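The values are calculated or read from the model by the stated rules, or taken from the named source; none is laboratory data. Since this is a predicted model, take the numbers as computed values, not measurements. Cβ placement follows ideal geometry from the backbone for every residue including glycine, while neighbour counts extend to all protein chains displayed. These accessible areas exclude ligands, DNA and RNA; they are computed on the full protein's heavy atoms, side chains included. Shrake-Rupley method; radii C 1.70, N 1.55, O 1.52, S 1.80 Å.
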Amino acid sequence: MAGVLGGFTAGVLTNPIDIVFNRMQVDEMYPNAARRNYKHFLDGLYKVGEEGALLRGAGANGLKLAAICSSMTSLYDLCKENSYYFFGPHWVNRLFGTVVAVGVGTAVSLPFDQIRTRLHTMRPLPNGQMPYTDTLDCLVKMLRYEANQKWSSNVQCLFAGGQAYFLRLFLICYLSQFALDYYHANDYVQEFWQPARFTW
(Lines give C-alpha, C1' and ligand atoms only; values in the text may rest on other atoms or scores of the structure.)
Protein backbone atom coordinates (compact mmCIF):
# COMPACT_ATOMS: atom_id res chain seq x y z
CA MET A 1 0.00 0.00 0.00
CA ALA A 2 2.85 2.39 0.80
CA GLY A 3 4.41 1.75 -2.61
CA VAL A 4 1.13 2.23 -4.46
CA LEU A 5 0.10 5.40 -2.62
CA GLY A 6 3.58 6.91 -2.57
CA GLY A 7 4.29 6.09 -6.21
CA PHE A 8 0.92 7.32 -7.44
CA THR A 9 1.22 10.57 -5.50
CA ALA A 10 4.73 11.15 -6.83
CA GLY A 11 3.61 10.42 -10.39
CA VAL A 12 0.76 12.92 -10.24
CA LEU A 13 2.87 15.65 -8.62
CA THR A 14 5.77 15.27 -11.06
CA ASN A 15 3.55 15.02 -14.15
CA PRO A 16 4.05 18.69 -15.19
CA ILE A 17 7.82 18.09 -15.26
CA ASP A 18 7.47 14.84 -17.22
CA ILE A 19 5.15 16.29 -19.85
CA VAL A 20 7.63 19.08 -20.67
CA PHE A 21 10.49 16.56 -20.64
CA ASN A 22 8.71 14.20 -23.05
CA ARG A 23 7.66 16.98 -25.40
CA MET A 24 11.17 18.42 -25.60
CA GLN A 25 12.55 14.95 -26.37
CA VAL A 26 10.27 14.28 -29.36
CA ASP A 27 9.92 17.80 -30.74
CA GLU A 28 12.60 17.30 -33.41
CA MET A 29 10.61 14.39 -34.84
CA TYR A 30 7.76 16.65 -35.91
CA PRO A 31 7.72 18.82 -39.06
CA ASN A 32 8.60 22.46 -38.44
CA ALA A 33 4.99 23.62 -38.50
CA ALA A 34 4.00 21.16 -35.76
CA ARG A 35 6.89 21.72 -33.36
CA ARG A 36 6.32 23.30 -29.98
CA ASN A 37 9.77 24.91 -29.89
CA TYR A 38 10.09 25.33 -26.14
CA LYS A 39 13.10 27.56 -25.46
CA HIS A 40 13.86 25.90 -22.13
CA PHE A 41 12.16 23.98 -19.35
CA LEU A 42 10.47 26.97 -17.70
CA ASP A 43 9.20 28.19 -21.07
CA GLY A 44 7.75 24.73 -21.69
CA LEU A 45 6.16 24.61 -18.26
CA TYR A 46 4.57 28.01 -18.81
CA LYS A 47 3.18 27.05 -22.23
CA VAL A 48 1.85 23.71 -20.99
CA GLY A 49 0.11 25.61 -18.18
CA GLU A 50 -1.42 28.03 -20.71
CA GLU A 51 -2.62 25.01 -22.67
CA GLY A 52 -4.25 23.64 -19.51
CA ALA A 53 -2.41 20.34 -19.88
CA LEU A 54 -0.27 20.20 -16.74
CA LEU A 55 -2.15 17.14 -15.47
CA ARG A 56 -2.69 15.46 -18.84
CA GLY A 57 -1.52 11.87 -18.42
CA ALA A 58 -1.13 12.27 -14.65
CA GLY A 59 -3.16 9.12 -13.99
CA ALA A 60 -0.93 6.99 -16.21
CA ASN A 61 2.19 8.60 -14.77
CA GLY A 62 0.95 7.87 -11.24
CA LEU A 63 0.14 4.26 -12.12
CA LYS A 64 3.60 3.84 -13.65
CA LEU A 65 5.40 4.90 -10.47
CA ALA A 66 2.92 3.01 -8.29
CA ALA A 67 3.70 -0.17 -10.23
CA ILE A 68 7.45 0.38 -9.90
CA CYS A 69 7.44 1.21 -6.19
CA SER A 70 5.04 -1.56 -5.15
CA SER A 71 6.60 -4.36 -7.20
CA MET A 72 10.36 -3.97 -6.94
CA THR A 73 11.38 -3.41 -3.32
CA SER A 74 10.07 -6.56 -1.67
CA LEU A 75 11.03 -8.70 -4.67
CA TYR A 76 14.58 -7.33 -4.55
CA ASP A 77 14.85 -8.20 -0.85
CA LEU A 78 13.48 -11.70 -1.46
CA CYS A 79 15.91 -12.45 -4.30
CA LYS A 80 18.90 -10.98 -2.48
CA GLU A 81 18.23 -12.94 0.72
CA ASN A 82 17.75 -16.24 -1.11
CA SER A 83 20.85 -15.63 -3.21
CA TYR A 84 22.78 -14.98 0.00
CA TYR A 85 21.73 -18.45 1.19
CA PHE A 86 23.57 -20.03 -1.76
CA PHE A 87 26.49 -17.66 -2.38
CA GLY A 88 27.09 -16.03 0.98
CA PRO A 89 28.31 -12.40 1.14
CA HIS A 90 29.00 -12.04 -2.58
CA TRP A 91 28.47 -9.11 -4.98
CA VAL A 92 26.31 -11.32 -7.19
CA ASN A 93 23.49 -11.14 -4.63
CA ARG A 94 22.86 -7.47 -5.29
CA LEU A 95 23.17 -7.91 -9.06
CA PHE A 96 20.77 -10.85 -9.11
CA GLY A 97 18.18 -9.12 -6.93
CA THR A 98 18.36 -5.94 -8.98
CA VAL A 99 18.03 -7.71 -12.34
CA VAL A 100 14.96 -9.67 -11.25
CA ALA A 101 13.30 -6.69 -9.57
CA VAL A 102 13.96 -4.39 -12.52
CA GLY A 103 12.67 -7.03 -14.94
CA VAL A 104 9.37 -7.27 -13.08
CA GLY A 105 9.23 -3.49 -12.60
CA THR A 106 9.69 -3.03 -16.34
CA ALA A 107 6.95 -5.53 -17.18
CA VAL A 108 4.34 -3.96 -14.91
CA SER A 109 5.15 -0.28 -15.49
CA LEU A 110 6.14 0.00 -19.17
CA PRO A 111 2.53 -0.15 -20.50
CA PHE A 112 1.65 2.85 -18.32
CA ASP A 113 4.78 4.63 -19.53
CA GLN A 114 3.66 4.05 -23.12
CA ILE A 115 0.25 5.54 -22.35
CA ARG A 116 1.53 8.59 -20.50
CA THR A 117 4.07 9.33 -23.26
CA ARG A 118 1.30 9.26 -25.86
CA LEU A 119 -0.91 11.50 -23.76
CA HIS A 120 1.96 13.91 -23.15
CA THR A 121 3.05 14.22 -26.78
CA MET A 122 -0.22 13.87 -28.74
CA ARG A 123 -1.23 16.57 -31.22
CA PRO A 124 -4.75 17.50 -32.37
CA LEU A 125 -6.18 15.54 -35.31
CA PRO A 126 -7.28 17.35 -38.50
CA ASN A 127 -10.79 17.69 -37.03
CA GLY A 128 -9.35 19.48 -33.99
CA GLN A 129 -9.98 16.63 -31.56
CA MET A 130 -7.28 14.92 -29.53
CA PRO A 131 -6.49 11.25 -30.35
CA TYR A 132 -7.04 10.18 -26.74
CA THR A 133 -9.30 11.56 -24.03
CA ASP A 134 -7.74 9.87 -20.98
CA THR A 135 -5.66 6.92 -19.78
CA LEU A 136 -8.38 4.31 -20.25
CA ASP A 137 -9.30 5.57 -23.71
CA CYS A 138 -5.65 5.37 -24.78
CA LEU A 139 -5.30 1.82 -23.45
CA VAL A 140 -8.51 0.66 -25.15
CA LYS A 141 -7.45 2.14 -28.50
CA MET A 142 -3.99 0.60 -28.26
CA LEU A 143 -5.48 -2.83 -27.55
CA ARG A 144 -8.13 -2.45 -30.26
CA TYR A 145 -6.00 -1.13 -33.10
CA GLU A 146 -2.38 -1.95 -32.28
CA ALA A 147 -2.60 -5.20 -30.32
CA ASN A 148 -5.05 -6.87 -32.67
CA GLN A 149 -4.07 -9.92 -34.71
CA LYS A 150 -6.47 -8.68 -37.36
CA TRP A 151 -3.91 -5.97 -38.11
CA SER A 152 -0.97 -8.41 -37.82
CA SER A 153 -0.03 -7.10 -34.38
CA ASN A 154 -0.11 -8.22 -30.75
CA VAL A 155 0.24 -6.93 -27.18
CA GLN A 156 3.94 -6.40 -27.76
CA CYS A 157 3.00 -2.84 -28.73
CA LEU A 158 2.62 -2.16 -25.00
CA PHE A 159 6.28 -3.04 -24.45
CA ALA A 160 7.98 -1.20 -27.31
CA GLY A 161 11.36 0.14 -26.21
CA GLY A 162 11.51 -2.31 -23.34
CA GLN A 163 15.26 -2.92 -23.63
CA ALA A 164 16.15 0.75 -23.25
CA TYR A 165 13.59 1.17 -20.48
CA PHE A 166 15.02 -1.83 -18.60
CA LEU A 167 18.60 -0.59 -18.96
CA ARG A 168 17.72 2.91 -17.75
CA LEU A 169 15.83 1.59 -14.72
CA PHE A 170 18.57 -0.94 -13.96
CA LEU A 171 21.32 1.69 -13.97
CA ILE A 172 19.28 3.99 -11.74
CA CYS A 173 18.60 1.24 -9.20
CA TYR A 174 22.01 -0.45 -9.28
CA LEU A 175 24.24 2.63 -9.17
CA SER A 176 22.14 4.39 -6.55
CA GLN A 177 22.79 1.48 -4.18
CA PHE A 178 26.54 2.10 -4.35
CA ALA A 179 25.96 5.79 -3.73
CA LEU A 180 23.91 4.87 -0.67
CA ASP A 181 26.70 2.55 0.52
CA TYR A 182 29.14 5.45 0.25
CA TYR A 183 26.97 7.73 2.36
CA HIS A 184 26.39 5.09 5.02
CA ALA A 185 30.06 4.12 5.18
CA ASN A 186 31.07 7.74 5.72
CA ASP A 187 28.30 8.38 8.26
CA TYR A 188 26.71 11.05 6.10
CA VAL A 189 23.31 9.40 6.67
CA GLN A 190 22.11 7.47 9.69
CA GLU A 191 20.02 4.47 8.76
CA PHE A 192 17.92 4.70 11.91
CA TRP A 193 17.74 8.42 12.44
CA GLN A 194 15.88 9.85 15.44
CA PRO A 195 15.59 13.32 16.98
CA ALA A 196 18.29 14.29 19.44
CA ARG A 197 15.81 14.65 22.31
CA PHE A 198 15.22 10.89 22.19
CA THR A 199 18.96 10.09 22.35
CA TRP A 200 20.24 9.35 25.87
**Fill in**
Relative contact order in percent for the chain (Cα pairs under 8 Å, 6+ apart) equals 21
**Request:** From largest accessible area down, sort 91, 151; use a 1.4 Å probe on the protein chains.
**Result:** 91, 151
**Prompt:** Any idea which of 124, 62, 41 is furthest toward the positive side of the dipole for the range 1-134, if Lys and Arg beta-carbons carry +1 and Asp and Glu beta-carbons -1?
**Reply:** 124
**Message:** Sort 81, 146 by heavy-atom solvent-accessible area, probe 1.4 angstrom, most to least.
**Reply:** 81, 146
**Space enclosed by the convex hull of the alpha-carbon atoms of the range 29-140, per residue, Å³** = 144
**Complete:** The percentage of Cα-Cα pairs in the chain separated by more than 21 Å is 64
**Fill in**
Partner lysines whose C-alpha sits under 21 Å from that of residue 150, ignoring same-chain residues fewer than 8 away, are 141
**Prompt:** Given charges of +1 on the Cβ of Lys and Arg and -1 on the Cβ of Asp and Glu, with all other atoms neutral, how large is the dipole of the range 1-156 about its Cα centre, in debye to the nearest 20?
**Reply:** 280
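Would you kindly give the portion of the calculated P(r) for the range 75-118 that falls above 17 Å, as a percent of all Cα pairs?
For the range 75-118, the fraction of Cα-Cα distances above 17 Å is 42 percent.
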**Item:** Accessible heavy-atom area order of 125, 45, highest first, probe of 1.4 Å
**Value:** 125, 45
**Asked** Separation between the residue 155 and residue 129 pseudo-spin-labels, each 7 Å from Cα along Cα→Cβ, expressed in nm?
**Response** 2.8
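Please compute the length gained on full extension between residue 9 and residue 91, using 0.36 nm multiplied by the number of residues separating them and subtracting their Cα-Cα distance.
The residue 9-residue 91 span can extend by a further 26.2 nm.
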**Message:** Using only the alpha-carbon atoms, how far is helix 15-26 inclined from the longest principal axis of the chain? Give it as 0 to 90 degrees, nearest 10.
**Reply:** 60
**Request:** Mind giving me the FRET efficiency for residue 140 and residue 29? R0 is 22 Å, r the Cβ-Cβ distance, nearest 0.05 is fine.
**Result:** 0.30
**Message:** Kirkwood Rh over alpha-carbon pairs of the range 103-154, then Stokes-Einstein at 37 °C and 0.692 mPa s: what D in µm² s⁻¹, rounded to an integer?
**Reply:** 270
**Prompt:** If the cut-off is a Cα-Cα distance under 21 Å, which lysines reach residue 39, setting aside same-chain residues fewer than 8 apart in sequence?
**Reply:** 47
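Which whole number in µm²/s is D for the range 1-43 by Stokes-Einstein, with the Kirkwood Rh taken over Cα pairs at 37 °C and 0.692 mPa s?
D, rounded to a whole number, is 272 µm²/s.
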**Fill in**
Partner lysines whose C-alpha sits under 29 Å from that of residue 80, ignoring same-chain residues fewer than 8 away, are 64
**Message:** Mean-square fluctuation check for the chain, GNM, Cα pairs under 10 Å: which of 34, 107, 67 is largest?
**Reply:** 34
**the range 124-166: radius of gyration and largest Cα-Cα distance (Dmax), Å** = 12.6, 37
